[in-house]
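The values are calculated or read from the model by the stated rules, or taken from the named source; none is laboratory data. What you are looking at is a predicted structure, and each value in this text was computed from that prediction instead of being measured. FYI the Cβ positions are ideal-geometry reconstructions off the backbone, even for glycines, and counts take in every protein chain you see.
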Amino acid sequence: MTPLRQRVIDEIRLRGYSPRTEESYINALAQLANYYDKSPDLINKEELEAYFRYVNLTQHLSRATIALKLNAVNFLYKYVLQRSFSIDIVLPKKAHKIPILLTRDEVHRLFLNTVSVQQKVMLCICYGCGLRISELLNLRVVDIEFSQDCLWVRSGKGNKDRRVILPKSAARRLNAYIAGFSLGSILFCTNWDKEKAIDAKTFSRGLKRAVARAEITKNVSAHSLRHAYATHQIEAGMPLHQLQKQLGHTSIRTTERYLHWLPEMAHSSHDLMAAWEGN
């Protein structure tokens, strides 16, 4: 590890950024360094502008991804190198795409066509609580409070903790899973290491197999379950401010997007999986 890379990591951790942000910033700076084959602190303004023009015009990346790369460089200059930073770039227009929206029947079919017990429980928690995939994989056994019908998301997006309602149907399956498996501290661990969480690719592969068996033709991802949770809770009458807290959105405007993606909306948290009992 180079001294500069270590300085960036130290500064990120000192400022309390999340592990995911740390990984994203380090990767972005590494890509910049590889492009010019030299340390980022030796790259001048003209080279930075040329690099971001290249990324913008040839890599077909989203506005958010390019902005993340820009934020990484800005962090390097502002907090590590302590230099002024200003470059002239044009970001692509923000896309306003409607995400893949699953019906409640489609989510149920996914559940029925998921073979692994662990994957079934993960699907229930991801959908039943509206978690991001990173939040799901970071769960520890101690984060579950069955007596309070809730779980704790630690260091979610923005490095914030939040309390999330745990539906009774999901709690029953989760309780049986914990009782039936010899777990360490990690809730969803690998088969060979109880202290290592399974990765997102493993969960996604299982989900894709369930999608195929359920004969669902939509391009479903793990995040589709979070979108499904949000839209189905709005349809069931959950108030927006409560949904905002459940999803961990900083701004209510982010949550309001779901209103525009629904043709109709029907106001408490609904157990979306209550009718799945016996499956």
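Miscellaneous remarks
- The residues in region 119-149 that are surrounded by fewer than 17 Cβ atoms within 10 Å (Cβ to Cβ) and hydrophobic (A, V, I, L, M, F, W, C) can be counted, and the count is 3.
- Breaking point among (1) part of a helix (DSSP H, G or I); (2) among the β-branched types (V, I, T); (3) at pLDDT below 95, for I100: (1)
- Matching option when the condition is modelled with pLDDT of 85 or more, surrounded by 15 or more Cβ atoms within 10 Å (Cβ to Cβ) and either farther than 18 Å from Y17 by Cβ or out of contact with any helix residue (DSSP H, G or I) (no Cβ under 7 Å at 6 or more places or on another chain) (or both), among L81, L48, L68: L48
- Residues within region 23-39 that are within 15 Å of L4 (Cα to Cα), polar (S, T, N, Q), in a helix (DSSP H, G or I) and in contact with a helix residue (DSSP H, G or I) (Cβ under 7 Å, 6 or more places away or on another chain), tallied: 0
- Any hit, region 106-114, residues being within 24 Å of L262 (Cα to Cα), among the aliphatic types (A, V, I, L, M) and touching a Phe, Trp or Tyr at 6+ places or on another chain (Cβ under 8 Å): yes
- Selected residue (only one of L61, L14, L42, L76 is of a type outside the set (V, I, T) and over 27 Å from the mean Cα position of the chain (by Cα)): L42
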